[in-house]
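Working notes for the structure below.
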4 protein chains.
Amino acid sequence: MGGNSFGKVFKVTSFGESHGPFIGVTIDGCPAGLKIDEEFLKIKLQQRRPGQSELTSSRDESELFQIISGLYDGISTGTPITILIPNEDNKSNDYDHLKNVYRPSHADYTYEGKYGIRDHKGGGRSSARETAARVAAGSIAQMILKLNEINVYSYTQRIGYVHLTKDYNQLDLTQIYNNKVRCPEVDVVQRMEDFIREIKEQGDTVGGVIETVVTGVPVGLGEPVFDKLHADLGKAILSINACKGFEIGSGFESANMVGSVHNDVFIHDNGVVKTLTNHSGGVQGGISNGMDIVFRAAFKPVSTIQKTQNTINSQNEETSLLIGGRHDPCVIPRAVPIVEAMTALVLCDHLLRNRLCKI
Amino acid sequence: MGGNSFGKVFKVTSFGESHGPFIGVTIDGCPAGLKIDEEFLKIKLQQRRPGQSELTSSRDESELFQIISGLYDGISTGTPITILIPNEDNKSNDYDHLKNVYRPSHADYTYEGKYGIRDHKGGGRSSARETAARVAAGSIAQMILKLNEINVYSYTQRIGYVHLTKDYNQLDLTQIYNNKVRCPEVDVVQRMEDFIREIKEQGDTVGGVIETVVTGVPVGLGEPVFDKLHADLGKAILSINACKGFEIGSGFESANMVGSVHNDVFIHDNGVVKTLTNHSGGVQGGISNGMDIVFRAAFKPVSTIQKTQNTINSQNEETSLLIGGRHDPCVIPRAVPIVEAMTALVLCDHLLRNRLCKI
Amino acid sequence: MGGNSFGKVFKVTSFGESHGPFIGVTIDGCPAGLKIDEEFLKIKLQQRRPGQSELTSSRDESELFQIISGLYDGISTGTPITILIPNEDNKSNDYDHLKNVYRPSHADYTYEGKYGIRDHKGGGRSSARETAARVAAGSIAQMILKLNEINVYSYTQRIGYVHLTKDYNQLDLTQIYNNKVRCPEVDVVQRMEDFIREIKEQGDTVGGVIETVVTGVPVGLGEPVFDKLHADLGKAILSINACKGFEIGSGFESANMVGSVHNDVFIHDNGVVKTLTNHSGGVQGGISNGMDIVFRAAFKPVSTIQKTQNTINSQNEETSLLIGGRHDPCVIPRAVPIVEAMTALVLCDHLLRNRLCKI
Amino acid sequence: MGGNSFGKVFKVTSFGESHGPFIGVTIDGCPAGLKIDEEFLKIKLQQRRPGQSELTSSRDESELFQIISGLYDGISTGTPITILIPNEDNKSNDYDHLKNVYRPSHADYTYEGKYGIRDHKGGGRSSARETAARVAAGSIAQMILKLNEINVYSYTQRIGYVHLTKDYNQLDLTQIYNNKVRCPEVDVVQRMEDFIREIKEQGDTVGGVIETVVTGVPVGLGEPVFDKLHADLGKAILSINACKGFEIGSGFESANMVGSVHNDVFIHDNGVVKTLTNHSGGVQGGISNGMDIVFRAAFKPVSTIQKTQNTINSQNEETSLLIGGRHDPCVIPRAVPIVEAMTALVLCDHLLRNRLCKI
């Protein structure tokens, strides 16, 4: 059972391998009457694209795309929207030396164990190339969220030991994409960039944390028991390549807090119900409470390093390996639009599940 | 759209409110031929039950249960298994003063905003009472896992600032239920108990962390893209009341690690493929790699404290509130079997999805 | 994978065996705020109940029921509604002689082949007793349909060779339940009753056809490709025990028609779009067109006859069998409310899928 | 909620409009290790293709296709298989006169009512062109069925008043595709062809019946309650454009039969359990019993006739219409491979659901 679909009403099915002709995605459940902003979709794909700076992989993907179904004169018709993104600049022979060897902390060994067969070219389906499909679908979801005045802001909160020093309320979230590391705190940007450059020179990679803030969410998104809003967000974000952790609101810090401090007291603020604090991260009992949704996701360092590593091959012999190829020293800057996209998919789906959606 | 079902093959549907006649659960997809160990089910419900020590709520639930369908002579027939757990000791009038007021950091406000109606007695559907259904279903899942030699160990890793000092490999995980706090490190137990008692005396509550180790998992569980094994685990655990964070393997620490340290090198160990380290937490590319699965979940302090709190009522007036009633000063000890149950549900479902299951 | 759930938004899960303590059903997805009319539910269960006349099985089921979740002061809260129906008058020892023998045209042989285990008492899960759960859930669906001014009329169209002589437009559909055979054409009732009595005296059984008319359906229910409205209706009705065929509108007669006769010409009738004829049966391109939905379902004769039959046993030996017990000579009268219930479930689900539902 | 996916394990998602660049389909859940026979896929698409004889539409579709994901060296990898089929010979301007008018018994009116927008070119998504996606997916399903020695035979049973005179046991089912009308009874072929030609000359269209026989089905496919095998087959077949009825085994004739005649007596035939008759059509209690599965589907005459028809336009004015364009006088010959494909999808899905599948 495949697991290549996501969402219950706004349902996304992803397909394609890293070195096949296309990566693609089908959205079944987009309401009719939505004006598709192809320019916005293009910008989002550009933000995810490698080769944008010396801080990311030099693989060049122009991120052309084609919407092959579901529109009539640029308006959604209620039928499935399929978007194809061609794979260009496929240097397949870069991968011949990886055919029979398992790269450490990659999916080579587990895919072969699961399926008995593996597309070794660029990792096949396990490649982060697949996330282009998510960004394409997420951009359609964002078009719907915008009509409902819901805004999603994902940004780099930490790269290795370098992290934001201010709370998001003190930052200008419109600055996120004005720098290579997608960080809204201008004073921290240069230190993050320098740190990635330093790690890259060492042939190594580094992890980080992405924070997301969603504003404008109405009260009532999320379902009481299993499909709690933050549970669905957690699954969505944890399904992104290299993600190792998810926390909402007070997250892991809450383990060391007492209830009298943690509880978010309800107040009236000019006729609007708010909470004095937001340790809940905008979700209580699994349902949005109208406050900003705030969560963080931890990403491990990229597994492909420019150093010789010990491993085993498919004949179960110990061997060593120098991977080569074009890879990111840090996944965080390019993961930012992916986190944003998955967040949009979850919110759009719950909006439609709750029949609260304008359109 | 309800969200009261979980799983794709081993599919669980939960129902019932805190102060209705029953909490219940239906399992659709349990294979035929499974001998149902009712004694094991009873033990698991007992472990979750409040009133077990002075560290937990004094609500007395005897946790009787009745399996009303799906068995023939104690063996599963392949048809839906429904388990009813009667709600006893319901002091409904304890809740009259909560009918029109929103308890801080509870689900009162969000349920009323979502549905326009709310069962205020004991929190209705939002009560942790619902988790009895999960434990009942999880115990059936564990019967299947045992046949496949898969064992799930959940335990208290931290309560407030008191935490384990040893790695799970150095601990005897069979000791978990030999103490009130479900902690496998004997030297830490007393400090945890003392800390909870101290917090309780203050009328306050405290959070904590539960760690889970799963042994015996074959290579190949989990699906490549959206239904990655750790994404499904993350959703399952985050759907438990009061859970605010989930991390697998190196988790949030991975944000500060470099790839050359984080990568898990493959080795042969007497003919078995293993990794030297297990920063992956047993999952690579979303698929189990045969190593132990290791993850942690953060829980916030219980929202019901024995102190007067400011809040608002349903007429939008500011008011204050002293909740009263019988409540846990710390959710962790009782959440341990719930985490265990949700973990078992995910693994059993993926085992059946992969047609790797013995039975 | 069980297959005991039905519907995508108004999702029903059925459980329970013929001779267990309860038959039950859980509805996940009923909107909050619905006033539950328990009297109506009781009437519907009574209509399905055996023992109502000498034309049906003499098994006495009082059809008491208990709604154990999902309501607050008689109003739905948006959480799962579970209804339990106790099994009374279980003469389990009636079935001892059937333990190791396969009744012809029953599910004994296929269940045992599929599961390797079988609850032989009253057919276990394969018993038509399960349909009580469907009627209970369908009655909740009907409460929603009524708010939307949608009415479902199912009735006996044929029993053996005795059939209606008039079109439904010429009949008073409020007369359906005023007779034992659920037939709206008064002049035909007696002949149907006599025919069933005659068949019963012969120890035999007979089949029939049930027709259904749904009025008040808005334009737009049904999805274009796989979830066409009549395809979902077809599945729903064919899933009822003993159903062997389904046709909508012109049905099998359309095979012998030409397009110029079959096509339904659009007209204006006092500002309302209608079609001159309704060969489409109210559905075009899988989507309701605002005309009455009209379909028919064929039911085979009950398999349990009061005659000795040849068969085999579980040791693969040829043997003969006289079943005995209390059984219906004709399933049609009691199947009428079941067809009505399944129809209501499909329409309610599609109404909620389309966000056209009032409530 | 879209409804463009079908199946639970072998899950197919269809996309694309009649006059867009591609029709396509994604299969999520095809097991790894399946050798994909592209030649077989090509043959199946050819069989569905129009323009094969003067009896069908003259639209020329070469039915080229491209498998853009899920294979490695021609073997399935367990990841989604997406097949694109380009739309050629699109005479879009043929449709300008249909932009604001509702063709009788087409989906124009219902689509516009449902979505408020409509792709009028060739019917957009409602076009039978969509069934090319089903045939492509069905051919992959058939590759799996063949490995399990299951064979699906669909064929023309009736065109208007001309029908088979022999039972399928007396016919050579390998002859189906040796004639233009896909009829296995050689003596009837010419009369069917003549009748279609005659109807075509009149500018009219005619309906028919397709019968399907599936051999080699093991005992145990189908689920007891809602997902009965024949209920899922019914939904699959009724979802095909123009289908108005479905019956299995004795079907509508069973309404006029008595139980003592209808019951299928179990016998031993050289160690194999069989039934003397097969009124059940190979399914008892919703589960396959090892006998041939036999069902029939009724198709209405094609709605597009070459005659002037009265109708209304989108301004609600009465008007008349001569459609023109290239259309089939009878859908049956081309629907045969579509029925075969949908049958294969259902059986393959249930085979995988039951973990009985070889591969």
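The values are calculated or read from the model by the stated rules, or taken from the named source; none is laboratory data. In this text the structure is predicted, and so the values were computed from the model without any measurement. For neighbour counting, all protein chains shown are included, and Cβ atoms are generated from backbone atoms with ideal geometry for every residue, glycine included. The area values use the complete protein model at the heavy-atom level, side chains included, leaving out ligands, DNA and RNA. Shrake-Rupley method; radii C 1.70, N 1.55, O 1.52, S 1.80 Å.
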Q) What number of residues within the stretch A:6-21 satisfy the criterion of being closer than 14 Å to residue A:134 by Cα and within 7 Å of chain B (Cβ to nearest Cβ)? A) 2
(Q) Within the stretch D:214-230, does at least one residue satisfy the condition of being under 27 Å from the mean Cα position of the chain (by Cα) and without any contact (Cβ under 8 Å) to a residue 40 or more places away in the chain? (A) yes
Q. Looking at the stretch A:101-109, is at least one residue outside any loop (DSSP other than H, G, I, E, B) and within 21 Å of residue D:82 (Cβ to Cβ)?
A. no
**Q.** Enumeration of residues in the stretch A:315-353 that are open to solvent by 40 Å² or more (accessible area, probe 1.4 Å) and either over 29 Å from residue A:210 (Cβ atoms) or of a type outside the set (D, E, K, R) (or both)
**A.** A:315, A:316, A:317, A:318, A:319, A:320, A:322, A:325, A:327
Q: Output the number of residues of the stretch D:253-298 satisfying the condition of being in contact (Cβ under 8 Å) with a residue 60 or more places away in the chain and farther than 24 Å from residue C:115 by Cα.
A: 4
Q: For residue A:122, work out the one condition from (1) more than 9 Å from chain B (Cβ to nearest Cβ); (2) part of a helix (DSSP H, G or I); (3) open to solvent by 20 Å² or more (accessible area, probe 1.4 Å) it doesn't fulfil.
A: (3)
Q | Candidates A:193, A:130, filtered to the one that is open to solvent by 10 Å² or more (accessible area, probe 1.4 Å) and in contact (Cβ under 8 Å) with a residue 12 or more places away in the chain | A | A:193
Q: Counting only residues that are more than 7 Å from chain B (Cβ to nearest Cβ), give me the strands (runs of 3 or more DSSP E) lying completely in the stretch A:241-350 with at least 3 of them.
A: A:272-275, A:293-299, A:318-321
**Q.** Filter result (in a loop (DSSP other than H, G, I, E, B), open to solvent by less than 40 Å² (accessible area, probe 1.4 Å) and not small (Gly, Ala, Ser)) within the stretch D:146-181
**A.** D:148, D:150, D:164, D:171, D:179, D:181
Q.
Considering only residues that are in contact with a Phe, Trp or Tyr (Cβ under 8 Å, 6 or more places away or on another chain), buried (at least 24 other Cβ atoms within 10 Å of the Cβ) and hydrophobic (A, V, I, L, M, F, W, C), which ones fall in the stretch B:204-224?
A. B:206, B:210, B:214
Q: Confirm whether residue D:150 is at pLDDT 95 or above, more than 11 Å from every other protein chain (Cβ to nearest Cβ) and closer than 30 Å to residue D:80 by Cβ.
A: yes
**Q.** Enumeration of residues in the stretch A:206-217 that are more than 17 Å from residue A:348 (Cβ to Cβ) and either modelled with pLDDT under 95 or part of a loop (DSSP other than H, G, I, E, B) (or both)
**A.** A:207
Q. Is it true that residue C:199 is at pLDDT 95 or above, over 14 Å from residue C:157 (Cβ atoms) and at the interface with chain D (Cβ under 7 Å from one of its Cβ atoms)?
A. yes
**Q.** Output for the stretch C:18-42, where each listed residue is assigned to a helix (DSSP H, G or I) and in contact (Cβ under 8 Å) with a residue 12 or more places away in the chain
**A.** C:38, C:40, C:41, C:42
Q: Determine whether residue D:231 is within 7 Å of chain C (Cβ to nearest Cβ) and touching a Leu at 6+ places or on another chain (Cβ under 6 Å).
A: yes
Q. Out of all the residues in the stretch B:218-240, which are part of a loop (DSSP other than H, G, I, E, B), of a type outside the set (Val, Ile, Thr) and modelled with pLDDT of 95 or more?
A. B:218, B:220, B:221, B:222, B:223, B:226, B:227, B:228, B:239
